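Take a look at the structure below.
The values are calculated or read from the model by the stated rules, or taken from the named source; none is laboratory data. Here the structure is a predicted model, which means the values were calculated and not measured. In this analysis, Cβ positions are derived from the backbone assuming ideal geometry, glycine residues included, and neighbour counts consider all displayed protein chains.
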Amino acid sequence: MNNKSVGIRAVIFDMDGVISNTLEFYDKSSGILLGRHGIDLGIESISKEYGGTSTKDFFTIIFEKYKKNEDVMKAVGESEDLLAESAKGKVSAIEGAKELIRELQKENFKLSVASGASIRFLNLVLGELELEKEFMAVVSSDEVQKGKPDPEIFLLATKKMGVSPCECLVIEDGKQGIIAAKKAGMKCVALLKDGQISDLADITIRNLEELTMEKIKDL
């Protein structure tokens, strides 16, 4: 398949929940840290509710909501330590992720990762999955002023890859990321495993095996 004939020249991956099974580590580390500040969000999954939100934005939102006069950046640092401790040596790939990356590479697509995670955690995860050399660009929340749903992180990824937004396909599992992709003027595939369908994404898939080259060609 000639990717130039369909307009899509590059694919941007979210990391947590798309490439790596790491959402549970956010739930654990964030839950522990919020507990230290006397906060119980009372929700089943922090990552599901706030998926795609940068760590800094997350604690800013929560501390304001619960009227806590806390140092956000100190909380971010402590959270990053807990996150790395929770995940180290336990990271696994989402089923089909490595295979999809290899197939896209064979078709000469430019690949990048754009995640609300810190560069520290991005490097840890990609290193454990042995994927650190597979992407033309890796963009973290550390490099942007505004996190998802703002499109800044995806637009920076396109700049690093040397492509225009309309030539990009984003693979996302979070609502904030899907919104950001569409705001950026990109095609978007929603990876939703709970039976839901995204009204914003161009297509919804249940697993990465469903995302064939033919489906990308039809976008």
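Tabulated results
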| quantity | calculated |
| --- | --- |
| Members of region 190-219 found to be of a type in the set (Val, Ile, Thr), more than 19 Å from SER20 (Cβ to Cβ) and outside any helix (DSSP H, G or I), listed by number | ILE197, ILE203, THR204, THR212 |
| Residues of region 144-154 satisfying the condition of being at pLDDT 95 or above and either among the aromatic types (Phe, Trp, Tyr) or farther than 15 Å from ASP14 by Cβ (or both) | PHE154 |
| Matching residues in region 130-154 - criterion: being under 21 Å from LYS193 (Cβ atoms) and surrounded by fewer than 21 Cβ atoms within 10 Å (Cβ to Cβ) | PRO149 |
| In region 152-183, residue nearest to SER112 (Cα to Cα) [restricted to those that are of a type in the set (Val, Ile, Thr) and in contact with a Leu (Cβ under 7 Å, 6 or more places away or on another chain)] | ILE171 |
| Flag for GLY38 being at positive phi, buried (at least 18 other Cβ atoms within 10 Å of the Cβ) and outside the structural domain of ILE119 (by TED's automatic domain parsing) | no |
| Where LYS175 falls short, out of the listed (1) modelled with pLDDT of 95 or more; (2) under 13 Å from the mean Cα position of the chain (by Cα) | (1) |
| Among residues of region 169-187, those that are touching a Gly at 6+ places or on another chain (Cβ under 9 Å) and closer than 14 Å to GLU152 by Cβ, counted | 5 |
| Hits in region 153-166 - residues which are touching a helix residue (DSSP H, G or I) at 6+ places or on another chain (Cβ under 8 Å) and not aromatic (Phe, Trp, Tyr) | ILE153, LEU155, LEU156, THR158, SER164, PRO165 |
| Test: residue in region 202-213 that is buried (at least 20 other Cβ atoms within 10 Å of the Cβ) and of a type outside the set (A, V, I, L, M, F, W, C) | no |
| Options LEU169, LEU200, LEU155: the member that is of a type in the set (A, V, I, L, M, F, W, C) and closer than 23 Å to ARG102 by Cα | LEU169 |
| Test for GLY116: is it at positive phi and in the same structural domain as GLY174 (by TED's automatic domain parsing) | no |
| Residue ranges of strands (runs of 3 or more DSSP E) in region 78-189 with at least 2 members in contact (Cβ under 8 Å) with a residue 40 or more places away in the chain | 110-114, 168-172 |
| Pair list, Cβ under 6 Å, 6 or more apart: region 45-67 residue basic (Lys, Arg), other residue in a helix (DSSP H, G or I) | LYS56/VAL76 |
| Residue within region 111-119 that is exposed (fewer than 14 other Cβ atoms within 10 Å of the Cβ) and in contact with a helix residue (DSSP H, G or I) (Cβ under 9 Å, 6 or more places away or on another chain) present | no |
